[in-house]
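A quick write-up on the structure given underneath.
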C-alpha cells in the first residue's frame, strides 16, 4: 500500500510538472521567452556566438520545457518563434514541441530550449506548421561563446542549431526526432483567431503590444551583436 501511495504521488507530481508549461498564458509565455533571451545576452562569453545569432533567420524559445514527463512520453514544451522579414522581426507564432531525443542531462527539472533556424530549408520546414527535426533536418548542438570557432562547420548546410539553459548553465544540445507544430489553442487565445504559421512568420500579421517584451529582447540581442561586430572591425 505504501509503495502504491508513493507511486501515485510521483505520478501526480510529474503530471503537475508537465501541465505547467502547456497551460501557461500566451502573454506570460512571451514574457518568459523574452527573459530567457535577455539572460543569454547578459553573459555573451557563455552565450550564442555573434556570428550565429546574426545569421539566424528564425528564433524559437521554449521556456520551462518539461524534462522527464514520462506520462506523455519524453520531453514536451510550448514556446514562441519569430522570423526575420524584410520589415524586421515578425509577430510571434506559438509552437508546441515534443517527442524525439534531446541532448538534456537526465533529471526532472525544466530547461529553457532555444532553436535557431539558419537557412531557407529550415525556415520552409518550420512554415509548414508541422515539422520534424530528424535526419538532415535535426537541430545540431550550437557553438557557445562570443565567437564561433573557425574550425566548426555550423555554417555548412546547418538547418537548425539548438541550445538549452538550466540553472544558469547554457550549452549546445542536439535535438533529433522532435516534432514542432503550431500551438492552435495559444494562437486563438492570443490573436482571437487561428492565423497560420506562414501568415504570422512571413510578416503579414501585426504584432500586438503584449508581444513587445519578447520582440524587444530579440531586437536587443541582434543590436548588441551588430554593435560588437562593428566595434571589432574598427
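The values are calculated or read from the model by the stated rules, or taken from the named source; none is laboratory data. Please read these numbers as outputs of a predicted model, since none were measured by experiment. Every residue, glycine among them, receives a Cβ derived from its backbone with ideal geometry; neighbour counts consider all protein chains shown.
Go through the range 30-76 and count every residue that is assigned to a strand (DSSP E or B) and modelled with pLDDT of 90 or more.
Qualifying residue count for the region: 6.
Give me the residue from the range 1-26 that is under 18 Å from the mean Cα position of the chain (by Cα) and crowded, with 17+ Cβ neighbours inside 10 Å and, out of that set, modelled with the lowest pLDDT.
Taking the range 1-26 and keeping what is under 18 Å from the mean Cα position of the chain (by Cα), we get 18, 20-26.
Imposing the further condition that a residue be crowded, with 17+ Cβ neighbours inside 10 Å reduces the set to 18, 21-22, 24, 26.
Values: 18: 37, 21: 42, 22: 41, 24: 63, 26: 95.
That would be 18.
Restricting attention to the range 77-94, does a residue exist that is crowded, with 16+ Cβ neighbours inside 10 Å, modelled with pLDDT of 85 or more, touching a helix residue (DSSP H, G or I) at 6+ places or on another chain (Cβ under 9 Å) and assigned to a helix (DSSP H, G or I)?
First pass over the range 77-94, keeping only residues crowded, with 16+ Cβ neighbours inside 10 Å: 77-84, 89-94.
With modelled with pLDDT of 85 or more added as a condition, the list becomes 77-84, 89-94.
Next, only the ones that are touching a helix residue (DSSP H, G or I) at 6+ places or on another chain (Cβ under 9 Å) stay: 77-84, 89-94.
With assigned to a helix (DSSP H, G or I) added as a condition, the list becomes none.
Within the range 77-94, none of the residues are crowded, with 16+ Cβ neighbours inside 10 Å, modelled with pLDDT of 85 or more, touching a helix residue (DSSP H, G or I) at 6+ places or on another chain (Cβ under 9 Å) and assigned to a helix (DSSP H, G or I).
Please work out which residue is surrounded by the most Cβ atoms within 10 Å (Cβ to Cβ), limiting yourself to the range 112-137 and to residues that are in contact (Cβ under 8 Å) with a residue 60 or more places away in the chain and assigned to a helix (DSSP H, G or I).
Only one residue fits best here, namely 126.
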